[in-house]
Amino acid sequence: MTDAYLAPTLPDELPNNPMHWAQAWLAEAVAQAVQRNPWSMTLVTVNDKAQPSARIVLCKAFIADPGYLIFYTNYQSKKVQELTKNSHVAVTFHWDALGRQIRIEGQAVLSPAEESESYFATRDTGSQLGAWGSDQSMPIGSRHALITQVRDRARKLGVAISDGLQPLEGVQQPPIARPPHWGGVRVWADRIELWIEGADRVHDRATWKRTLTRETDFDFAAGAWAGTRLQP
Ligand SMILES: Cc1cc2nc3c(=O)[nH]c(=O)nc-3n(C[C@H](O)[C@H](O)[C@H](O)COP(=O)(O)O)c2cc1C
């Protein structure tokens, strides 16, 4: 991260592409290991009764150009049920140790299958098994029933697991295919705010907006960012 990105305030003349700044702040949070999950972010979706719902997910890719991020999840989960009906979502990163917050709003689309496949292939066997083991956000009668379900699914996949549900090491485990109901979600940004903590709550804030025009199932054509400084 260059000194400019680390400066205690944003430049007088706001940067043309705030996504580069966001990317640099993320990289800094990772480099400084400011928390166990520096890539964690709050994701807000809205249901068909206009009720918002927030939860933490992990950002797995931040693509400053053309400007979207990716997280991975179960497509039967509440969040995906909501964002496939209402693609408008919001995401917030906060690193207390850096005194920085990033707020992103935009449109969510499911990743192309190849993107989900390539990422799934990089996961360890335990995480791959986890994607099969849980029907995310569906009710289940008891913890015991959940553990039985995970064991049954591991058996069906031919994966040998320990009492603690971990794939056994030192034994040949079969390859695990990506579940069709598991994959990536791209969040295309059409608004971003960068926030830097200041003394006595005189924080530095700026927001940028741009237009997104849908081009394919997965991509948008994006207009130029226009930035405005905000009072804290
Ligand atoms: C640090 C952290 C990281 C998480 N990362 C993810 C993630 O990347 N994907 C995911 O589906 N859930 C993740 N979760 C679990 C979600 O917060 C949430 O419980 C789950 O996705 C169900 O949400 P939903 O019912 O709104 O779909 C994470 C939770 C925490 C605390």
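Miscellaneous remarks
- Linear extension gain, residue 217 paired with residue 58, 0.36 nm per residue minus alpha-carbon span: 55.0 nm
- In whole angstrom, the chain maps to an equivalent ellipsoid with semi-axes of 36, 20, 17, each derived as √(5λ) from the alpha carbon gyration tensor and ordered largest first.
- When only Cα pairs below 8 angstrom with a gap of at least 6 residues are kept, the stretch 39-187 shows a relative contact order of 27 percent.
- Cβ-placed point charges (K, R +1; D, E -1), dipole of the chain about Cα centre in debye, nearest 20: 820 debye
- Computed about the Cα centre, the dipole magnitude for the stretch 1-112 is approximately 660 debye when only Lys and Arg (+1) and Asp and Glu (-1) carry charge, each at its Cβ.
- Neighbourhood charge, 11 Å Cβ-Cβ cut-off, centred on residue 44 and excluding it, Lys, Arg +1 and Asp, Glu -1: +1
- Sequence of 161, 104 once ranked by neighbouring C-beta atoms within 10 Å, starting from the fewest: 161, 104
- Reciprocal mean inverse distance between Cα atoms of the stretch 158-217 - Kirkwood radius, Å: 17.5 Å
- Full extension of the chain between residue 84 and residue 151 gives 21.0 nm of extra length, using 0.36 nm per residue less the Cα-Cα distance.
- When only Cα pairs below 8 angstrom with a gap of at least 6 residues are kept, the stretch 162-211 shows a relative contact order of 25 percent.
- Placed amide H near residue 220: partners under 5 Å, 5+ positions off or other chain: 215
- Per-residue ellipticity at 222 nm from helix content only, as computed over the chain with -39500 (n - 2.57) for each DSSP H run of at least four residues, stands at -7500 deg cm²/dmol.
- The string of couplings for the stretch 7-16 from the Karplus curve (6.51, -1.76, 1.60, θ = phi - 60°) is 4, x, 9, 6, x, 4, 8, 5, x, 6 Hz, one whole number per residue in order, with x for Gly and Pro.
A short reminder: the numbers here are calculations on the coordinates, not readings from a lab. Just so we're clear, the structure is a prediction, and the values are computed from it rather than from any experiment. A quick note on method: Cβ atoms are made from the backbone with ideal geometry, for glycine too, and the neighbour counts reach across all protein chains shown.
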